[in-house]
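Notes to accompany the following structure.
The values are calculated or read from the model by the stated rules, or taken from the named source; none is laboratory data. What you see is a predicted model, and the numbers here were worked out from it, not measured in a lab. Note that we place each Cβ from the backbone using ideal geometry, even for glycine, and neighbour counts take in every protein chain shown.
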Amino acid sequence: MDFVPIRYNLQKEFIMRAFHPIRGLLYGKDRLSFGQNFNTMKINLKLSALLLLLGFSFGKVCGQANCGTPAGVLALMVAKVVVGTPQTPATLPVSSTSLPFTITSELFKVVQNETSNTPCFPLVTFKLYTATTSAALSGLPNLASNNPDFTPPAGVLASTLSKTRVRNVITATGSRSRSSYAAGTTVFFRVAKRIKNCSSCSGVDPYVFSTTFSFVVPAAPAPPVVAKKADLVPRPSALSNVNRPLFRPGSASFGANNETFLRLPDDFCQGLPAGTQVATYNCGLNTNCRELRHSVALGPVVYAARNSGDTASGSFTVALFRKDKVGSNASSALTQVASSTVSGLAVNAQSSNFSFNPNKTVEIYTFPDDNPGSCFVRCDPNQGGCVVPYQEEQYLVKVDGGNSALNGGTVSEKSETNNEGNPMD
């Protein structure tokens, strides 16, 4: 564990009391400097022995750590950056997009009172540094001592770790993009603990670095095998679908001869058979405007199915459902009016067209002298409001693969409706 050269303003009397056993080694001009004074010591004292002495001293004097004091900051620093063996991409579940890391740390070397040191946890941050050589990471402590917000050298990636805490145990997690390192590459990493907003550190946040760890990047998981399946949809190409709008008037009305008429979609106004004149009426200066009635058989509903999946389908059914309204009595549910079986479809193939004849003749009215080009349906004069004799409410095509694995498994039924009044496309 490397301490960066950070100075602390410490009162002499505090040094005398708290660090008497190592005062001669660490104290000089009222400042304590881990890195600078260790480098200038004339005796051969191992850093591990020094940390033991510090841990022993703080165990005595920091039962209630105050992280706004030098003693509290030192208590945070002497705690291990990484406890045990970190979890790396070589040991964590393999991800196809990232290389995950998880480390366990400790807040204090000596466990503190839970309620008294809560403000200390936000001061501790963790950063992950990775590189393809250990040498690239060796100079990080020196860089941190000169500038807490230092820029890592070329070839070193840095990122802040997220942290959570359960009493004295800290768990820090982070990741690298899998694109950062190829599979089989040996990656070296260090974790830095930074004490931020340190009021006792002469304006320089102290760092403590872990030792250097390494791992070999595992291969990315194989992409999941997606089973090929048919995708049967009741949306064939143009002119092979529910091919006409519903026979259902809109809200636009027209009045003639004290009667009310509702306008139909323009599709029903094209190619009408010759009409029978049923009345004349005044329309402006013309006193002989004609009202014509046309008897029209509703055209068939044509539909089909298509396989838009990536493999041939098995056998399936295509069914047509209808909901209509006679006078003021509307159907409460869709009723199946046709069904056909398709033995199978190749990829992107379309079934043959199916046709349903509603066997319904309706009366359409036109007013060529007053409202040319438009056509209408007459409201029943014997009913209140504006009730037309007949109108279509909805047609719906269902494709049912019968839960066959060839046809998409349990997601077997799809449908398309033209209840908006337009052909399905």
**OP:** Go through the residues of the stretch 340-362 one by one and say whether even a single one is under 30 Å from residue 287 (Cα atoms) and either touching a Phe, Trp or Tyr at 6+ places or on another chain (Cβ under 8 Å) or touching a residue at least 40 places away in the same chain (Cβ under 8 Å) (or both).
**Re:** yes
**OP:** Please indicate, with yes or no, whether at least one residue in the stretch 317-324 is in contact (Cβ under 8 Å) with a residue 12 or more places away in the chain and either touching a helix residue (DSSP H, G or I) at 6+ places or on another chain (Cβ under 9 Å) or over 30 Å from residue 402 (Cβ atoms) (or both).
**Re:** no
Original post:
Among the residues of the stretch 240-259, is there at least one that is more than 30 Å from residue 326 (Cβ to Cβ) and modelled with pLDDT under 85?
Top reply: no
Subject >> Leading residue by the ranking (modelled with the lowest pLDDT) among those in the stretch 385-411 that are outside any strand (DSSP E or B) and among the polar types (S, T, N, Q) >> reply: 410
Original post:
Going through the stretch 363-378 one residue at a time, which ones are without any contact (Cβ under 8 Å) to a residue 24 or more places away in the chain and either under 50 Å from the mean Cα position of the chain (by Cα) or not in a strand (DSSP E or B) (or both)?
Top reply: none
**OP:** Being basic (Lys, Arg) and closer than 28 Å to residue 357 by Cα is the filter; apply it to the stretch 278-314 and report the residue that is modelled with the highest pLDDT.
**Re:** 293
Subject >> Some residue of the stretch 315-334 being touching a Leu at 6+ places or on another chain (Cβ under 8 Å), part of a loop (DSSP other than H, G, I, E, B), of a type in the set (Gly, Ala, Ser) and farther than 30 Å from residue 388 by Cα >> reply: no
Original post:
Any residue in the stretch 101-118 that is surrounded by 13 or more Cβ atoms within 10 Å (Cβ to Cβ) and assigned to a helix (DSSP H, G or I)?
Top reply: no
Original post:
Which of the residues spanning the stretch 216-231 are assigned to a loop (DSSP other than H, G, I, E, B), of a type in the set (A, V, I, L, M) and either touching a Pro at 6+ places or on another chain (Cβ under 6 Å) or more than 29 Å from residue 317 (Cα to Cα) (or both)?
Top reply: 217, 219, 220, 222
Original post:
In the stretch 340-374, which residues are touching a Ser or Thr at 6+ places or on another chain (Cβ under 6 Å) and farther than 26 Å from residue 303 by Cα?
Top reply: none
Original post:
Any residue in the stretch 285-296 that is in a loop (DSSP other than H, G, I, E, B) and in contact (Cβ under 8 Å) with a residue 40 or more places away in the chain?
Top reply: no
Original post:
What number of residues within the stretch 142-156 are without any contact (Cβ under 8 Å) to a residue 60 or more places away in the chain and surrounded by fewer than 16 Cβ atoms within 10 Å (Cβ to Cβ)?
Top reply: 8
Original post:
Are any residues in the stretch 258-278 under 17 Å from residue 388 (Cβ atoms), outside any strand (DSSP E or B) and touching a Ser or Thr at 6+ places or on another chain (Cβ under 9 Å), and if so, which ones?
Top reply: 264, 269
Original post:
Within the stretch 169-199, restricting attention to residues that are closer than 19 Å to residue 74 by Cα and surrounded by fewer than 18 Cβ atoms within 10 Å (Cβ to Cβ), which residue is modelled with the lowest pLDDT?
Top reply: 199
